[in-house]
Amino acid sequence: MPRSSRSTNRLASLTATFVTAFATAAALVVGGPGGPPPALAQDPPTSADRPTWVGTWSAAPNGGTGTDGYAGFTIRNLVHTSVGGDRVRVKLSNAFGTEPVLVEHTTVGVQRLPGSAAVADGTLRDVTFDGSTAVTIPAGAELYSDPVALRLGAAADLFVTTFTPEPSGPVTYHAEGLATSYFATDGTDHAASVDGSALTETTTALHYVTEVDVEPGQSPGAVVTLGDSITDGVGSARDRNRRYPDVLAARLRAEGGDLGRMGVLNAGISGNRVLLDGAGVRATERVDRDVLQRAGASSVIVLLGINDIQQQPHQLDPDKIVAGLRQIARDARDAGLTVIGGTITPFKGWYSYGPEQEATRQAVNDWIRTTDELDAVVDFDETIRDPDDPQRMLPRYDSGDHLHPGEAGLAAMAGAVDLSRLGTPGKVLPGEPAPVERSVGVASSPQSAVAVAGRPAEIGFQVRAVVQKPGTATGTLTTVVDGDRTVTPFEVLSEGRMTQVDLSPTVRVPGDAEPGTRTVRFEIAVEGGGRAVTTSELELVAVGCAQDDDVCPVGLDHDHDSVASAADDRDGNFDGLGWSYAAETLPDAGTTLLAGMAYAFPSGADGDDNTVVADGKTIDLPDLRSDRLHVLAAAGNGSVNETATVTYTDGGTETVSLAFSDWAQGPGSGEHVAVRAPYRLRAGVGRDGPAVHIYGRANELDPSRTVTALTLPDESRLKIFALTLEVATP
């Protein structure tokens, strides 16, 4: 199954794979001691075929998941382009399959809005293979599609959607895509769905698709970043594209010229080692598939070795790690690539750190810095280490776990790469000219926002425009609400390609605004390109617990402290194991808007209880007729799939869902992230990764009846922060 954020038995094995893949001994073993044979690829293009393609995105497969394939699944994989081009093609992979897999339908299209499964209007395209929409991929093979007539810009969020109608063997996948993809399991082909409404389940894994290419014109090719979880982006947030290869791609685009037409391809696998299989095939054995076979590959940055050192079994002989890095460099140089060695980053403070591990790291780094078997060096170690404690990461660059850099550290690493050492001039030639069209599309989110009447507020919206015109697109976003207009200019290089423009307008609500619903109008106007309009709703609600109010934040008797502070990291204990939310990452106490609803958020002050343990207790509710019950909660030590019982004053009852995801996992179906905290606190240790969440979930109630109580399930892993009743219209 695609790894869903919903905790179910059918997804358990894949979820378990990721939890341990990058942090401890490898959890996913593929093939035998030497791994599976390299994937069978189509013949490389001959000189007559003209090398016109450059990889704009890639993901290195971890291995195969499941045993019977994904019969009846539509999977909408989300990828992020590094460079634009006049045509697109995709590579589908059955590299770790044991049987042929039939992909009956594949499409591509730009994502309409962040957090949405919908495709932007006018961008959906069918993908064919030798002229057919259906393709059977042999076991062990990877296949390129035909060229797709989609002029696609750089830094675009692109969906690659596949429908597989029949059972097959293990599904080739990449475990941690750090982007939300969508899927459906109902046996219906939804690949051509524009609104994506049937794709209700989510996953951060990527399935079948391993590469997307474009024709950018004359280009120095692509740089492949070969690595482990640090290259894979662990330590950065989901759906933000802040991995170091992403930031490197942004640097290249900012340079413009030939470098601006260079692709950046991520070949990181969390937990990957140089010398042993485990979380993916060992790096020495996957260079051909994950580096040399990528379209336009001309350079490779190698950042590997930390997992050989810190994982069990520890490899403490630096000469053996160096021998593996030598082999990787030799294979890449023999294929004509420029090889740039990245020094291994510091990890003092990580649980498996020790003096022997540190000595091994230093010895490998000495070789990387001094050898003539590499073409260049990028000193990642020097870039992010603490000058006062060089075995440790500089705190501002640390994600919190002392192994993985956070987003600031990953950006610093990307900034350390010497761009002049990347690429091969003339590596890729221009393709055939493509017709240029002019178009403008726009969408906004949320479709409905909420603010509290009588309180000044600033409400943020997301607006995504997809613009297409020759050269540079210069335009404006005009936001109109209650007659007030705000104009935001923008400028983006389009070059006739469908180019994504993300804007974040803010609507200011005055303190004397009356309750009611407003229409917020967003208009995109592009000089010489056209106009497009979309709208959202802004509802100003009256907060109180009378029947003529709109929302009623319920007063709770909190009985558990789930929040600690930097001053006292032992104060709370959310999960019973010593980990807590960090007070400084949470909203202030009081009525606040979270996930589109007003809640009475509890105090995170030291000594205060701030959650209610779901241990079978009954909570009194204000006697109100209500449309919905909104719950703010999270689970620890795994997700929970529980129900609660609402009691009405007439003696009747109703069951409502209290299915909540693990705080460190991400939202499941029907949940929304209300709070995202970039780190948590561990008792006696302090700041600790990964990011954690509090989720919101809404349940429909019978508005003709009056609620009076809520009986919680007996599941102490579930903690309730707040409840709100959405009051029925009198």
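The values are calculated or read from the model by the stated rules, or taken from the named source; none is laboratory data. Computed from a predicted structure; not experimentally measured. No Cβ is skipped: glycine too gets one built from the backbone with ideal geometry, and neighbour counts run over all protein chains shown.
Search region 378-392 for residues being touching an Asp or Glu at 6+ places or on another chain (Cβ under 8 Å) and under 21 Å from Ser270 (Cα atoms), and hand back the single one that is surrounded by the fewest Cβ atoms within 10 Å (Cβ to Cβ).
Arg392
For residues that are hydrophobic (A, V, I, L, M, F, W, C) and assigned to a strand (DSSP E or B), scanning just region 582-596, find the one that is modelled with the highest pLDDT.
Out of the qualifying residues, it is Ala582.
Of all the residues that make up region 247-265, how many are closer than 18 Å to Thr424 by Cβ and β-branched (Val, Ile, Thr)?
1
Suppose the filter is in a loop (DSSP other than H, G, I, E, B), within 30 Å of the chain's Cα centre (by Cα) and either of a type in the set (Lys, Arg) or under 20 Å from His630 (Cα atoms) (or both); does Asp569 pass it?
In short, no.
So for region 441-453 (the condition being out of contact with any His (no Cβ under 8 Å at 6 or more places or on another chain) and under 30 Å from Glu358 (Cβ atoms)), does at least one residue qualify?
Among the residues of region 441-453, not one is out of contact with any His (no Cβ under 8 Å at 6 or more places or on another chain) and under 30 Å from Glu358 (Cβ atoms), which makes the answer no.
When you go through (1) in contact with an Asp or Glu (Cβ under 9 Å, 6 or more places away or on another chain); (2) under 22 Å from Pro667 (Cβ atoms); (3) of a type in the set (Gly, Ala, Ser) one by one for Ser626, which number turns out not to apply?
Condition not satisfied by Ser626: (2).
Check off (1) buried (at least 24 other Cβ atoms within 10 Å of the Cβ); (2) within 17 Å of the chain's Cα centre (by Cα); (3) not assigned by TED's automatic domain parsing to the domain that holds Asp381 for Val171 and give me the number that stays unchecked.
(2)
For region 551-568, which residues satisfy the criterion of being within 16 Å of Leu718 (Cβ to Cβ) and among the charged types (D, E, K, R)?
The answer is Asp559, Asp561.
Those residues that are within 15 Å of Leu632 (Cβ to Cβ) and assigned to a loop (DSSP other than H, G, I, E, B), I need them from region 669-686; list them, please.
Selection gives Gly670 alone.
What number of residues within region 630-668 are outside any loop (DSSP other than H, G, I, E, B), under 30 Å from Ser181 (Cβ atoms) and not hydroxyl-bearing (Ser, Thr, Tyr)?
Counting residues in region 630-668 that are outside any loop (DSSP other than H, G, I, E, B), under 30 Å from Ser181 (Cβ atoms) and not hydroxyl-bearing (Ser, Thr, Tyr) gives 14.
If only one of Asp401, Asp381 is among the charged types (D, E, K, R), within 31 Å of the chain's Cα centre (by Cα), at pLDDT below 95 and not in a strand (DSSP E or B), which one is it?
Only one candidate passes the filter, namely Asp401.
Go through (1) free of Cβ contacts under 8 Å to residues at least 40 places away in the same chain; (2) within 16 Å of Leu538 (Cβ to Cβ) and name the single condition Thr488 misses.
(2)
I'd like to know if region 305-313 contains one or more residues that are over 20 Å from Ile269 (Cβ atoms), in contact with a helix residue (DSSP H, G or I) (Cβ under 9 Å, 6 or more places away or on another chain), outside the structural domain of Pro678 (by TED's automatic domain parsing) and free of Cβ contacts under 8 Å to residues at least 60 places away in the same chain.
no
If I ask for residues that are touching a helix residue (DSSP H, G or I) at 6+ places or on another chain (Cβ under 7 Å) and without any contact (Cβ under 8 Å) to a residue 24 or more places away in the chain, which ones from region 359-374 would you list?
Hit for region 359-374 is Asn365, nothing else.
Can you find a residue in region 320-336 that is in a loop (DSSP other than H, G, I, E, B) and in contact (Cβ under 8 Å) with a residue 60 or more places away in the chain?
Yes, some residue in region 320-336 is in a loop (DSSP other than H, G, I, E, B) and in contact (Cβ under 8 Å) with a residue 60 or more places away in the chain.
Taking region 104-140, which residues are aliphatic (A, V, I, L, M) and touching a Gly at 6+ places or on another chain (Cβ under 9 Å)?
If the condition is that a residue be aliphatic (A, V, I, L, M) and touching a Gly at 6+ places or on another chain (Cβ under 9 Å), then Val110, Ala117, Ala118, Val119, Ala120, Leu124, Ile137, Ala139 are the ones that fit.
For Val302, state whether it is in a strand (DSSP E or B) and at pLDDT 95 or above.
yes
How many of the residues in region 120-145 are under 28 Å from Asp246 (Cβ atoms) and either part of a strand (DSSP E or B) or not hydrophobic (A, V, I, L, M, F, W, C) (or both)?
Final tally of qualifying residues: 9.
Among the residues of region 393-409, write down those that are surrounded by fewer than 18 Cβ atoms within 10 Å (Cβ to Cβ) and out of contact with any helix residue (DSSP H, G or I) (no Cβ under 9 Å at 6 or more places or on another chain).
The one that is surrounded by fewer than 18 Cβ atoms within 10 Å (Cβ to Cβ) and out of contact with any helix residue (DSSP H, G or I) (no Cβ under 9 Å at 6 or more places or on another chain): Pro395.
Only residues in region 383-401 that are polar (S, T, N, Q) count as the first member; pair them with residues that are surrounded by 23 or more Cβ atoms within 10 Å (Cβ to Cβ) and assigned to a loop (DSSP other than H, G, I, E, B), Cβ under 6 angstrom, at least 6 apart or cross-chain, and list the lot.
Note: pairs meeting the criteria are Gln391/Pro346; Ser399/Gly235; Ser399/Gly406.
With Ser444, Ser504 as the choices, which residue is within 17 Å of Ala156 (Cα to Cα), among the polar types (S, T, N, Q) and buried (at least 18 other Cβ atoms within 10 Å of the Cβ)?
Checking each option against the conditions leaves just Ser444.
What are the pairs with Cβ atoms under 9 angstrom where one residue, in region 89-111, is outside the structural domain of Ser193 (by TED's automatic domain parsing) and surrounded by 24 or more Cβ atoms within 10 Å (Cβ to Cβ) and the other, located anywhere, is at pLDDT 95 or above and among the hydrophobic types (A, V, I, L, M, F, W, C)? Sequence gap at least six, or different chains.
Pairs found: none.
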